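One structure is given here, and the rest of the page talks about it.
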Amino acid sequence: MAVTTQSSGAARRRFAAALSAAAAVLLLGLVGALAQATDGAKSTKGTKGTDIALGRGSVTGLPVPRFVSLKADRINVRSGPSRDQDVQWVYTRAGMPVEITAEFENWRRIRDWQGAEGWVYHSLLSGKRTAVVVPTLKTDLVPLYARPDVKSAVVARLQAGVLGKLDSCTGTWCEFSGKGFDGWIMQVRLWGAYPNEKIE
């Protein structure tokens with residue numbers, strides 16, 4: 001009987017040791033798999049959509065979302081990333097800023113300053129940075145200053161939707177120019193540059 005008890009105790013100890021070893025191996029395996037997955041996420045791109053975890057496009061590897069502008073005066077916006085998809089509307093103003101929110105092959109899902117979204121062919125977009133004026137209230141006029149300083153002279157007052165070129169941004173101010181105006185505007189009053197974004 002003593003032998004049986006001793007054998008059972010030894011068996012229990014061997015089982016506990018084996019269980020501990022198995023748990024350690026499993027834990028090391030999980031840590032390794034996690035590390036591999038993390039490394040893979042840094043370099044591997046999917047075939048559809050965007051790499052949301054890193055904010056990178058699955059096709060270009062560029063940041064998503066990001067601002068670009070319309071290259072042509074007439075651009076069809078489709079319901080999906082294919083010429084077979086219905087045209088939802090047509091843009092008729094070259095230079096308008098849009099935000100790329102997803103990538104799929106040669107197509108980009110874009111959003112405009114009024115929140116409308118759809119798909120356009122990548123070659124119809126330009127990397128040139130533009131912006132539109134967005135006042136706090138639609139009826140407000142936004143001051144354009146001679147320098148990036150509210151104490152400097154006001155050279156113009158711009159209404160909502162005025163389109164211009166972003167020459168540079170400091171993170172709080174943007175040098176903004178267009179037909180008949182050129183000066184500095186507070187960055188928060190523009191749609192086409194992210195808060196704190198610097199553009200040279």
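Tabulated values for the structure
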quantity	calculated
Under 5 Å, built H, 5+ apart or other chain: amide partners of Val59	none
Local net charge near Gly115, Cβ-Cβ under 15 Å (Lys/Arg +1, Asp/Glu -1)	0
Radius 15 Å from Cβ of Trp89, net charge of other residues (Lys, Arg +1; Asp, Glu -1)	+1
Relative contact order for region 50-128, counting Cα pairs under 8 Å that sit 6 or more residues apart, in percent	31 percent
Cα gyration tensor shape of region 131-191, rounded if a/c is under 1.5, else prolate or oblate by comparing a/b with b/c	rounded
Loop trypsin sites (Lys or Arg not before Pro), region 128-159, which have at most 12 other Cβ atoms in a 10 Å radius of their Cβ (DSSP)	Lys138, Lys151
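We did not get these values from a lab; they are worked out from the coordinates using the rules stated. Quick caveat, the model's predicted, so the values are computed rather than measured. Methodologically, a virtual Cβ is constructed for each residue, glycine included, from the backbone with ideal geometry; neighbour enumeration extends over all protein chains shown.
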